There are 2 protein chains.
Amino acid sequence: MKCPCSRGRKVHAMAESAIVLLSGGLDSTTTLAVAKDRGFTPYALSFSYGQRHSVELAAARRVAERQGVERHVVADIDLRVFGGSALTDAGVDVPKGRGEAEMGEGIPATYVPARNTIFLSFALAYAEVVGAADIFTGVTAVDYSGYPDCRPEYLGAFEAMANLATRSAVEGKRRITLHSPLLDLSKAEIIRTGTALGVDYALTSSCYDPDDSGRACGHCDTCLLRLKGFTEAGFPDPITYQGAPA
Amino acid sequence: MKCPCSRGRKVHAMAESAIVLLSGGLDSTTTLAVAKDRGFTPYALSFSYGQRHSVELAAARRVAERQGVERHVVADIDLRVFGGSALTDAGVDVPKGRGEAEMGEGIPATYVPARNTIFLSFALAYAEVVGAADIFTGVTAVDYSGYPDCRPEYLGAFEAMANLATRSAVEGKRRITLHSPLLDLSKAEIIRTGTALGVDYALTSSCYDPDDSGRACGHCDTCLLRLKGFTEAGFPDPITYQGAPA
């Protein structure tokens, strides 16, 4: 039987551990389901990084519990210390009501400098501690139109660096593999993939600017992409939006 | 006039900003002096990462103030969340009284998984926010006998990744350069270099296991290497060791 993962021809005899970056959004939740479906024992990693939308951390905890991860670590890092992004800096507005053409133009205000590099570096530390050689990230094609640290060439360079950075690399053990199973999927395809794997998207949170009770705004870039994805996938979005009856 | 930095033939017309990783130890303090000597405006970056020897953060603050850095950021990150190192895990002993042959064998217990990758990732974020293209690290040849993430091939791979990770890379601005000016220097050569640049080593702290008043133990790997370095350089070590009269 052929294993669906990218590295081997056979199904793994024993479940290998994998680190899964889990924000609690639609993409990372789907990625976690894919990692499990590929036979890995998942170790989830989330970040408390001074993001405005800390509602997503609650979503990450719900998702990790529902999907039965081996361990869920929330690493506390303060990216606000440098400033410079709408996601962490109260002085920068989250853009709303933009069309897809505008979203694709340049680097968005919601870009956090070197965020993926920092997140993946922590994933690398976690991998080394639990003896995992596989790291899953929910980066998508939609992201890499705007975020430099979501492009395939960046991910390849990170993987190359990771294989020189770690004890296992020095000691000649298994290579670190960075998996980005959503990279070539549209939002609708991601939703179809997750739905087929039994993902409950009601647990997820994608909005950059939710209200105090965690309801999505429906107008920021991620809300618009999410809503369009559900429409195209032919499923209703199960989360509650602001203005909708509670 | 030729600039001593590795990138240009002429002295920079205007001082360029550079990020300097500053632990408050002997090596990073010397590196800061080298960065200034090369004409850069230094932005220092230290980490509060759950290290046992938080005494070094006080040293970093003293050094940053004395050397007149443009800004000193202390980023708060909790590497204890993963465990696995004598430097952050109270359950692992710091090795003492080892000879240099033993220190050179394998990866030391004081190795923190992916620490340099995490530190350099934060430096990259800081660089992007302040518009710097240069990052200085005090990695030395002595380090890379034991720590995988101190080897030249690792540093080169990080630089390659960094140049795909950032807004400036995407927008075609200047390349990120990772400077490791101490890489080929012995401890004695580092001390001679810093002394020639006016570094006050009395402000620094190197010990992995200082007492409550900050005095060095004199027996851990870094203390032994430091003491040997001063002896070889022909200078007295100006810091106070445990057991010495206060």
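The values are calculated or read from the model by the stated rules, or taken from the named source; none is laboratory data. If you're wondering where the values come from, they're calculated on a predicted model, not measured in any experiment. Counting neighbours? That spans all protein chains shown, and the Cβs are built from the backbone with ideal geometry, glycine included.
Each residue in the range B:163-179 was checked for being of a type in the set (V, I, T), modelled with pLDDT under 90 and surrounded by fewer than 20 Cβ atoms within 10 Å (Cβ to Cβ), and 1 of them qualify. The set of residues from the range A:148-162 being more than 7 Å from chain B (Cβ to nearest Cβ), over 16 Å from the mean Cα position of the chain (by Cα) and either in contact (Cβ under 8 Å) with a residue 60 or more places away in the chain or crowded, with 21+ Cβ neighbours inside 10 Å (or both) comprises just one member, A:A162.
Residues that are within 14 Å of another protein chain (Cβ to nearest Cβ), among the β-branched types (V, I, T) and farther than 25 Å from A:V73 by Cα within the range B:23-81 comprise just one, B:V73. Of the residues making up the range B:37-50, at least one is among the aliphatic types (A, V, I, L, M) and modelled with pLDDT of 60 or more. Look at the range B:221-240: where a residue is within 11 Å of B:A188 (Cβ to Cβ) and a partner is surrounded by fewer than 19 Cβ atoms within 10 Å (Cβ to Cβ), sitting 6+ places away or on another chain with Cβ atoms under 6 Å, you get B:G229/B:A188; B:E232/B:A188; B:A233/B:A188; B:A233/B:R192. The residues on offer are A:T137, A:T88, A:T110, and the sole one that is surrounded by 16 or more Cβ atoms within 10 Å (Cβ to Cβ), modelled with pLDDT under 90, more than 11 Å from chain B (Cβ to nearest Cβ) and under 30 Å from B:A114 (Cα atoms) is A:T110.
Residues of the range A:190-201 that are farther than 18 Å from A:A59 by Cα, surrounded by fewer than 19 Cβ atoms within 10 Å (Cβ to Cβ) and either in contact with a Phe, Trp or Tyr (Cβ under 6 Å, 6 or more places away or on another chain) or in contact (Cβ under 8 Å) with a residue 24 or more places away in the chain (or both): A:R192, A:L197.
Comparison of A:G194, A:G156 shows that the only residue that is out of contact with any Lys or Arg (no Cβ under 9 Å at 6 or more places or on another chain) and closer than 17 Å to A:A35 by Cα is A:G194. Scanning the range A:25-57 for residues that are part of a helix (DSSP H, G or I) and touching a His at 6+ places or on another chain (Cβ under 9 Å), we see that the one that is surrounded by the fewest Cβ atoms within 10 Å (Cβ to Cβ) is A:V34.
Here is the figure for the range B:202-246: residues that are assigned to a helix (DSSP H, G or I), of a type outside the set (S, T, N, Q) and buried (at least 21 other Cβ atoms within 10 Å of the Cβ) total 4.
For the range B:159-191, the set of residues classified as farther than 15 Å from B:V34 by Cα and part of a loop (DSSP other than H, G, I, E, B) consists of B:T166, B:E171, B:G172, B:K173, B:R174, B:R175, B:I176, B:S186, listed by residue number.
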